[in-house]
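Input: a single structure, listed below in structure tokens.
No lab work stands behind these numbers, since they all come straight from the coordinates. Note that this is a predicted model, so its numbers are computed, not measured. Here Cβ is always computed from backbone atoms with ideal geometry, including for glycine, and neighbour counts include all displayed protein chains.
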Amino acid sequence: MPKDVAMRVALVGLGDIGLSAHLPALQRHPAIELVQLVDPDPDRRAAVAELDIQVAAELEAGVDGVVLATPPWVTPELTVDYTRAGLFVLAEKPVATSMEAARIYDKLEPAERGRVQVGLTYRHDPAIGQLATWIANGTLGETVLVRAHIYDEPYRPDDAEHTARITATLEHGSPVVHEGAHVFDWLTHLLGGRPIAVDDRWAVRTRAGLPAPNLTGARLSYPGGHQALVEFGWFTSALPRCELSVLGDRGLATLDGFTFALTLTTAESEEVVRFPGDRMTRCFDRQLDRFVALHNGVPAEPSLDDGIAALRTAQLVAGRAE
């Protein structure tokens, strides 16, 4: 059945997240026509040459918007260029690798900033909405402690491509800059505002030669007396469980970091809440729903300001810890 197209979109950046998540989401969205795949790397372009989509080294005219699946040290300049050219931009998180690098966004006029949506993809998951409801309505208690254990990207010395990619990413900041983009956005959304203070911080390099600490953590205070303990880790041969838990006087809610299944435990019962489909598919689809809505006049969610706020908190943790 033909699509009822609302937007003509190009995907810029054909790395892992671009091909594994953004590309299939764009192909299946009923209101989007994917018209171009863009990457300066000829090997990456060759990998998608069999698709019935135009492939080029640079973006060409004839699109309404772009999805930027580019490294965060490349994203800011492209976001500014494309937005000033009149396009809508969905930019992968983080929006930059530092607040200094994010100053380029000051060049944008308010209307241009309003055309930028940040790819804090998992904000769109219904599990985050359910957690927010449990916190707001007192299911867990009046004041909660959030523990976020975010561990990913195992060290696999036999996988040269992965090792080189994660090492290059560490050259532009510790995992808190990259994973913290999601987590600090969730915490602001869940706990009623941005953190009041970063109370303490720590950082560890688990082996010599790493360009940045690969384990980082902090304790933060939020409005209403809520507290958060966060840990971020990459590049160890074994990884702890990735999860987020919310503990209050009346109950405990635990979010599986990979499936986003929720477990609610109280004195009376234990309940497991699962949502249809897999986490990646539903979140990337919902993210594109918001992108189409942005094109149709609905304010961006998450906005560029949301992305910069998460980056600011991540830099406070990373910079002061190191």
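Per-residue ellipticity at 222 nm computed for the chain from its helices equals -9500 deg cm²/dmol, with DSSP H segments shorter than 4 residues left out and the rest contributing -39,500 (n - 2.57). A cut-off of 5 Å between modelled amide H atoms, ignoring neighbours fewer than 5 places along the same chain, links I196 with S221, Y222. One chain, two ends: R274 and D106. Fully extended at 0.36 nm per residue, the span grows by 56.4 nm beyond their Cα-Cα distance.
Put the Cα centre of region 240-260 next to the Cα centre of region 48-76 and the gap is 36 Å. Counting neighbouring Cβ atoms within 10 Å and putting the fewest first, the residues H189, H226 line up as H189, H226.
Could you list M7, M280, M99 so that the one with the fewest beta carbons within 10 Å of its beta carbon is first and the one with the most is last?
On the way: M7 21, M280 17, M99 14.
Fewest-to-most Cβ neighbours within 10 Å comes out as M99, M280, M7.
In debye, nearest 20, what is the charge dipole magnitude of the chain about its Cα centre with +1 on Lys and Arg Cβ and -1 on Asp and Glu Cβ, if you could check? Walk me through the numbers on the way to the answer.
Numbers: 29 positive and 44 negative charges, 107 e Å.
For the chain, the charge dipole is close to 520 debye.
Using only side-chain charges placed at the Cβ, +1 for Lys and Arg and -1 for Asp and Glu, the dipole size of region 64-113 relative to its Cα centre rounds to 80 debye. The alpha carbon centroids of region 138-199 and region 1-38 are separated by 27 Å.
Roughly what would the spin-label model give for T281 and E58, points 7 Å off Cα along C-beta, in nm? Result: 3.9 nm between the two label points.
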